[in-house]
Amino acid sequence: MVDRYRGAMSRRNALIAESAEATDGEELRAFLRALERCHAVTGVPSRDGGYDDEAVSSLGLALASLECDQLHRQSPLLLPQIALLGPTQAGKSSLANGVLGRDLAEVSPLAGFTIHPQGFCWGAGTEQTIRALNGFFRPLQRVAADQLPRDRFDCYALADVGALDITPPVPAACLWDTPDFDSVDAAHYRGHVLRIAALADLAILVLSKDKYSDESVWDMVSLLQPLGHPTAIILNKVDEASRDALLASLEEKWRSCRVDSLPFVVTLPFVEAANPSLPPAAVDGLARWIHRKLASASRQARRKRTRELLERHWSGWLAPVRAEQQARAEWDGAIHRGIEEVVVCYQRDYLNHPHHYETFQRALARLLTLLEVPGVAGAVASARRLLTWPFRQATRLGRRVMSGTADRDPKSGEQAILEQLIDHLLLQLQQLVLAKREQDPSGRSWWRDLSSVFRAAQEEFKAETQEALADYAGNFQVEIDQTARALYQRLETRPVVLNSLRATRMTTDAAALAFALHSGGIGIQDFVIAPATLSLTSMLTESALGHYVNRAAEDLKSRQLVAVGALLRATLGDLLRALPDRLDDSRHCKLSAATVERAGQRLAAYG
């Protein structure tokens, strides 16, 4: 029973580990596809000759390697894969025929004739391998070799060729004849070549005397290093006189881009024939090398090598993502600094300004209404009607002339100051965006598109902020009323002061002005200079409640500063920070720092 339990736990742990590996691989593949799209939309420049940039090539190889890991997990009995890789006119197809012992790969003197991967499988397990590879190469279409189209690149051939008629016999495997990776048309099928390279258990690099030193060759050799393929080099079209010099040069170039030693090298002489046959000794030596390497080949370290490939290029792949993230961080920083500057200016130009600040006076106006001065109720009502009616009619007419409506309330001095400060902030940010378009080469397109989105959103911003300011003014009236009630409650604890305020230095004009202000019928500056208000203020400050009144005024200012700061950060700040989300997905990466961090964690756990 204990053994059964241990066996069940072992199987369970294996399933959990396999599930974790699958999750890591799936998330990494999804992330690399996003990076591929990122490099495509950000306009990574191509090198001369039309083939892809190094980042795009390495991404393609890494994606294929991840998918190959998945293939091996799903099909552990997949036959070994041998890839013939090389530039144009190197003799890959001729070599394939030599290894296979018959003419199965079409040979042509035309450069770049082979434009589709062609696979040849032999031995036990061929049928299952072909079935598994059909899924690996999807969406490429598998067709017969003699039906491969010359005007399409989305096809490949894969056939069971039966037993090989060569000596010594080569163990069951699949041999791939691949297109070149350096011609003008290679941009169309370079990804297929990289897919074969990722799939390979053995790599045979086929070079010619004429092209072995090309930069594209050694870029490919360097790119494949993390995968750790057992590699052989076939150096073709070599005459005996230059053989030693070519081998020395070949070793030098290998050491310049690889850390491992120069691999097994076979030299082949130049043969003037349309379909040259390979020297039996060369075929024999290569066959023995293939046999030896296949016998010792292991796929146990595949996932580790895939991780090493990803780690080698990770930083380079993330360059356009980091550039966007840096640009966005600069944008967010500018918004933060701008809003904090608006808050400071608001405090200076309104809250601390002796002529502009009106909020505490509104609290005093509310306090006057709470005092309910005895003996003047009738006079107050008359004064209210007399004072407010003509003012209301005049202001209603003015609003109708200026704005076309008589229902909209006039802006307070506070709202006018805030709107001016917000307009100034938007102008500063627009100038920043325009400057970054010229100063930041890596993020120029991001800033350019942000500028367009910003301009289009200007009216929306103004409407949103004006609505938010109006809501704030209504909501903060509660704070003003609370301050007035707190002052009145404190006055109730001082009956002498309360009665003094009610009985002296209070006139019908003062009460009428208070009611008129409270009902919105008189301007705040008129109220501030009214003698009655000055009397109320001086009596409060000179009384025993003077310290409490000053503290109430400062507390109201503090709450107002907090409320306005929160309003700006939550409303205007959120609107501005969300602008980059409106950028066109087809032109920008738009990968968050959290997404990149999670992918890095998956990479660290892979293998």
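Structural remarks
- Residues that are among the hydrophobic types (A, V, I, L, M, F, W, C), under 21 Å from Leu100 (Cα atoms) and not in a strand (DSSP E or B), drawn from the range 125-162: Ile130, Leu133, Val143, Ala144, Ala145, Leu148, Val161
- Summed over the range 445-459, residues that are in a helix (DSSP H, G or I) and touching a residue at least 40 places away in the same chain (Cβ under 8 Å) total 7.
- Leu175 being closer than 22 Å to Leu133 by Cα and within 31 Å of the chain's Cα centre (by Cα): no
Conditions tested, residue by residue: (1) within 20 Å of the chain's Cα centre (by Cα); (2) at pLDDT 95 or above; (3) more than 30 Å from Val221 (Cβ to Cβ).
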position	(1), (2), (3)
Leu309	no, yes, no
Trp314	yes, yes, no
Ala334	yes, yes, yes
Arg337	no, yes, yes
Glu341	no, yes, yes
Cys345	no, yes, yes
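- Among the residues listed as Val99, Val107, Val56, the single one being within 29 Å of the chain's Cα centre (by Cα), aliphatic (A, V, I, L, M) and assigned by TED's automatic domain parsing to the domain that holds Val265: Val56
Condition check ((1) of a type in the set (A, V, I, L, M); (2) assigned by TED's automatic domain parsing to the domain that holds Val283; (3) surrounded by fewer than 20 Cβ atoms within 10 Å (Cβ to Cβ)) across all residues:
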{"position": "Gly162", "(1), (2), (3)": "no, yes, yes"}
{"position": "Pro169", "(1), (2), (3)": "no, yes, yes"}
{"position": "Leu194", "(1), (2), (3)": "yes, yes, no"}
{"position": "Ala197", "(1), (2), (3)": "yes, yes, no"}
{"position": "Ala200", "(1), (2), (3)": "yes, yes, no"}
{"position": "Ser208", "(1), (2), (3)": "no, yes, no"}
{"position": "Val217", "(1), (2), (3)": "yes, yes, no"}
{"position": "Gln225", "(1), (2), (3)": "no, yes, yes"}
{"position": "Ile234", "(1), (2), (3)": "yes, yes, no"}
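- Sub-6 Å Cβ pairs linking a first residue in the range 229-245 that is within 28 Å of Arg305 (Cβ to Cβ) to a second residue that is modelled with pLDDT of 95 or more and small (Gly, Ala, Ser), at least 6 apart or interchain, are His229/Ala200; His229/Ala203; Thr231/Ala203, ordered by first then second residue.
- On the stretch given as the range 54-69, residues that are under 16 Å from Ala301 (Cβ atoms) and polar (S, T, N, Q) total 1.
- The test for being closer than 24 Å to Arg292 by Cα, assigned by TED's automatic domain parsing to the domain that holds Glu215, at pLDDT 90 or above and among the β-branched types (Val, Ile, Thr) holds for Thr129.
- Residues that are more than 22 Å from Ala197 (Cα to Cα), touching a helix residue (DSSP H, G or I) at 6+ places or on another chain (Cβ under 6 Å) and outside any loop (DSSP other than H, G, I, E, B) were ranked within the range 25-60; the one that is modelled with the lowest pLDDT is Cys38.
The values are calculated or read from the model by the stated rules, or taken from the named source; none is laboratory data. Everything quoted here is computed from the prediction, not taken from an experiment. All Cβ positions, even for glycine, are placed from backbone atoms using ideal geometry, and neighbour counts span all protein chains on display.
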